[in-house]
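Reviewing the structure listed below.
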Amino acid sequence: FGWTDQYKATVSVLYCTYNTIMFNVRHAVLASLLYLVTSNIVLEITTEDQFIQEVSGGLSLVEFYAPWCGHCQRLEPIWNEAAVALNEKVRMMKVDCTVESNQKICKQYHILGYPTIMSFNDGIGHVYEGGRTLEDLLSYEYEPSISVISSEELSRIKENAGEHSYVVGFFPENDPSIDILGHLGHVFKKDHIFHAVTNLELAKQEGLSGRGVIIYKPFDEKKSLFEVDDQFNPSEVQEFIRQESYRLFTEMTSENYKFITDRGLPIGWLFVKGSDDDNSKAAMELLSTNAHITKNKMSLVWMDGSV
């Protein structure tokens, strides 16, 4: 029998409509399945005790969010996909900062904007500074950021300490403290390069009595030592590195303002009339020479008042 053009057009429309409906159904089913899978993988934090327990072991990536935040809503499907892909490597979590039981957690980590992402390695947390695409989340380096070096390499580091700042841990081979120090490498990666030395004879030559951490830096006393007891305390080592990252006397700028004020110490200001002014030079030299007296008691800074 003959097919009219009108009949063919009707069949064509019905066929396209059927394909569209089936595509939408399949898409909805897949989306539902993905939600069911990721809802079991992405852990929603509801209490402080739960949070502490979950971030204390292994690698974790935590999103601090608010349900009304548009950026958080756009991140959610990407976060869920990353949770599936990273399931064997990194535990993905979410903390709703609008929930009363989470208020203390969000205040502790100074969450001021949403979403804020933090990476935790065995309880040591730092702000995630990578991108927020799926590719960025999957390619971010979550493992400890540290390398074991030889005595020759240590000598080169000491020679180069005029240009870079190095944090070197002195621990026996296979000591778990090396990896813990490496986790701190993520926290301070903008300021220091992290290494480890497994020859404790070198530690004694460098002034340590045994296990410990030394910072070789291009400013102030050039070398800062921290003795580590039998039990490596990440919080104490982190605080040591943080305090030793400050220059004893430095210019206050928009870049380091937060870094300095976060110390919680009184700030001593010197306002100069241009860095080339003779009186300003003399005052800056005097404070720089004696800045060690105020170490860990006051932050000494200068600003050009003529600008």
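The values are calculated or read from the model by the stated rules, or taken from the named source; none is laboratory data. Here the structure is a predicted model, which means the values were calculated and not measured. In this analysis, Cβ positions are derived from the backbone assuming ideal geometry, glycine residues included, and neighbour counts consider all displayed protein chains. Accessible surface is based on the protein model in full, side chains and every heavy atom, while ligands, DNA and RNA are left aside. Shrake-Rupley method; radii C 1.70, N 1.55, O 1.52, S 1.80 Å.
Once the 1.4 Å probe is applied to the protein heavy atoms, the range 43-184 comes out at 50 Å² accessible per residue. Diffusion coefficient of the range 169-307 by Stokes-Einstein, Kirkwood radius over Cα pairs, 4 °C, 1.567 mPa s: 77 µm²/s. Please list, or write none, the aspartates and glutamates whose alpha carbon is within less than 14 Å of the alpha carbon of LYS223, excluding same-chain residues fewer than 8 places away. Cα-Cα hits under 14 Å: GLU159, GLU163, GLU206, GLU244.
Its Kirkwood hydrodynamic radius, worked out from the mean inverse distance over all distinct Cα pairs, puts the range 108-166 at 14.7 Å. The long axis of helix 278-290 is offset from the longest Cα principal axis of the chain by roughly 90 degrees. With all protein chains in place and ligands, DNA and RNA left out, the 1.4 Å accessible area ranks HIS126, HIS110 as HIS110, HIS126, largest first.
From most to least packed by mean Cβ count within 10 Å, the peptides 54-64, 72-82, 224-234 give 54-64, 72-82, 224-234.
With the charge dipole of the range 61-151 set up from +1 on Lys and Arg Cβ and -1 on Asp and Glu Cβ about the Cα centre, the Cα lying farthest toward the positive end among the listed residues LEU86, HIS110, LEU138 is that of HIS110. Residue order by solvent-accessible surface for TYR142, TYR257 is TYR257, TYR142, largest first, with ligands and nucleic acids left out and a 1.4 Å probe. By accessible area, using a 1.4 Å probe on protein heavy atoms only, the range 154-230 has 44% of its surface on carbon and sulfur. Residue by residue, the range 84-101 carries 3J(HN,Hα) couplings of 5, 5, 9, 4, 7, 10, 10, 8, 9, 9, 9, 10, 7, 6, 8, 7, 4, 5 Hz when phi is fed to the Karplus relation 6.51 cos²θ - 1.76 cosθ + 1.60 (θ = phi - 60°); x denotes Gly or Pro.
Please give me, ordered by residue number, the trypsin sites (Lys or Arg not before Pro) of the range 226-307 that lie in loop per DSSP and have at most 10 other Cβ atoms within 10 Å. Answer in residue order: LYS297. Taking a straight line from the alpha carbon of LYS222, these lysines sit under 25 Å away, with near neighbours fewer than eight places off in the same chain left out: LYS158, LYS189, LYS190, LYS204, LYS258, LYS281, LYS295, LYS297. Applied to the range 162-170, the Karplus parametrisation 6.51 cos²θ - 1.76 cosθ + 1.60 on θ = phi - 60° returns per-residue 3J(HN,Hα) values of x, 10, 10, 10, 10, 10, 10, x, 10 Hz, with x for Gly and Pro. Listed options for percent of Cα pairs over 33 Å apart are [x] 23; [y] 29; [z] 45. The value calculated from this structure is the one marked [z]. Considering only DSSP beta bridges where both residues belong to the range 69-197, give the percentage that are antiparallel (nearest 5). Restricted to the range 69-197, the bridges split so that about 35 percent are antiparallel.
For the listed peptides 127-140, 202-215, a ranking on the average number of other beta carbons within 10 Å per residue, highest first, reads 202-215, 127-140. Seen from ASP220, the other residues with C-beta closer than 13 Å to its C-beta sum to a net charge of +3, counting Lys and Arg as +1 and Asp and Glu as -1. On a 0 to 90 degree scale, rounded to 10, what angle separates helix 151-160 from the longest Cα axis of the chain? Rounded to the nearest ten degrees, it is 80. Applying both filters, DSSP loop and at most 14 other Cβ atoms within 10 Å, to the trypsin sites (Lys or Arg not before Pro) of the range 152-198 gives LYS189, LYS190.
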